[in-house]
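Peer 1: For reference, the structure I am asking about is given below.
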Ligand SMILES: [Fe+2]
């Protein structure tokens, strides 16, 4: 279906105007969901049309395998909200006769221009059928590929520079919205999800989006100020694969090496302190600020992993729920920067606000969802069906 410029009158209105770090940052929304055609062959929509007819929104409060969902006094929303204006922005490929290279060039131009404005852009209708196609697209878009060293969790490379989205979390587990690798200085700047096998309607698997620009103003200023004053200590425990071959995470898999000298070099490079344990396991920790400056906009952004880095992340996790371990034997925990414990209700407050500001929807086969990783969180609702997503990450 083609759309003419006269098909829809788009009125652009400012959603928010911020003066931070000496710069004005304006995120805009369009007043209609009707599509308009761009010369580049995309129909642009300000809002994704969901949910599918008859498919109820997934439950959040009280949901099994969702961290914090049973916390006494929580303020989680009852259900997952649907997409909002330009969250994500939607670019549907409607032009014909274009090669994948030509589409990737057009996507690159759109992202250079708009990804930091919207936070997320959904590209729908691109000629992508497989992980290999996505890998080609991802590399032809041309951003520098991120180095995954030091990230928590396992991923499998399915095509060049393209990985499975998450191998170490059971499908039923709901992954809370988070900024990727916000616990390191090596965080990716952009993330691309590609949908190879969509979830079945009504079986969960919605992809979730939240934006730090929506979350920060709703956080208790006293909570924010305390983190700004003290910083954050991220603490990790990884078993040794040589001792526990079924370990959830091992230092060998986390750092991609069996050589302790290589691991130590990586830890130093990431400004981590560390200690080898008698059972060949490893603990390490690092200090990071709760805010960073967005390199493109100059905006001071709330950017951390306080929620998914907290030990309570594991209390509703199928693999951990019955373990009742000392906190330092869980894979991760966060503390105030002076080493003191963060009050559970503080974590729950951030968790509540994050979910209150989260939207979600089902990706379709061939969709590419691009995230500005500094602004936009990604997550997923637990699911009970086949669902296959691949991911590529960039360092610019
Ligand atoms: Fe992630």
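The values are calculated or read from the model by the stated rules, or taken from the named source; none is laboratory data. Please read all numbers here as calculations on a predicted model, not as lab measurements. A quick note on method: Cβ atoms are made from the backbone with ideal geometry, for glycine too, and the neighbour counts reach across all protein chains shown.
Peer 1: Being in a loop (DSSP other than H, G, I, E, B) and in contact (Cβ under 8 Å) with a residue 24 or more places away in the chain is the filter here; which residues of region 245-271 pass it?
Peer 2: Across region 245-271, the qualifying residues are 248, 249, 256, 270, 271.
Peer 1: For residues in region 186-204 being away from the ligand (no atom under 12 Å from the Cβ), part of a loop (DSSP other than H, G, I, E, B) and within 30 Å of residue 231 (Cα to Cα), which is modelled with the highest pLDDT?
Peer 2: Only one residue tops the list, namely 189.
Peer 1: Within region 291-339, count every residue that is closer than 19 Å to residue 355 by Cβ and assigned to a loop (DSSP other than H, G, I, E, B).
Peer 2: 11
Peer 1: Has region 277-285 got any residue that is surrounded by 15 or more Cβ atoms within 10 Å (Cβ to Cβ), under 24 Å from residue 343 (Cβ atoms) and out of contact with any helix residue (DSSP H, G or I) (no Cβ under 9 Å at 6 or more places or on another chain)?
Peer 2: Yes: region 277-285 contains one or more residues that are surrounded by 15 or more Cβ atoms within 10 Å (Cβ to Cβ), under 24 Å from residue 343 (Cβ atoms) and out of contact with any helix residue (DSSP H, G or I) (no Cβ under 9 Å at 6 or more places or on another chain).
Peer 1: Does region 214-256 hold any residues that are at positive phi and at pLDDT 90 or above, and which are they?
Peer 2: We begin by selecting, within region 214-256, every residue at positive phi; these are 231, 256.
Residue satisfying the conditions is 231 alone.
Peer 1: Also, I was wondering about something else. Taking residue 142 as the residue in question, decide whether it is away from the ligand (no atom under 16 Å from the Cβ) and modelled with pLDDT of 95 or more.
Peer 2: Details: away from the ligand (no atom under 16 Å from the Cβ): yes; modelled with pLDDT of 95 or more: yes.
It is true that residue 142 is away from the ligand (no atom under 16 Å from the Cβ) and modelled with pLDDT of 95 or more.
Peer 1: Can you pull out the strands (runs of 3 or more DSSP E) entirely within region 1-98 that have at least 1 residues that are at pLDDT below 55? Explain how you work it out, then say what you get.
Peer 2: Working: elements: 12-20, 23-30, 42-45, 89-93.
So the answer is 12-20, 23-30.
Peer 1: Would you tally the residues in region 168-185 being within 12 Å of the ligand (Cβ to nearest atom) and surrounded by fewer than 16 Cβ atoms within 10 Å (Cβ to Cβ)? Break it down into steps so the answer makes sense when it comes.
Peer 2: Of the residues in region 168-185, the ones within 12 Å of the ligand (Cβ to nearest atom) are 168-169, 175-183.
Pick out the ones that are also surrounded by fewer than 16 Cβ atoms within 10 Å (Cβ to Cβ) and you get 168.
Count: 1.
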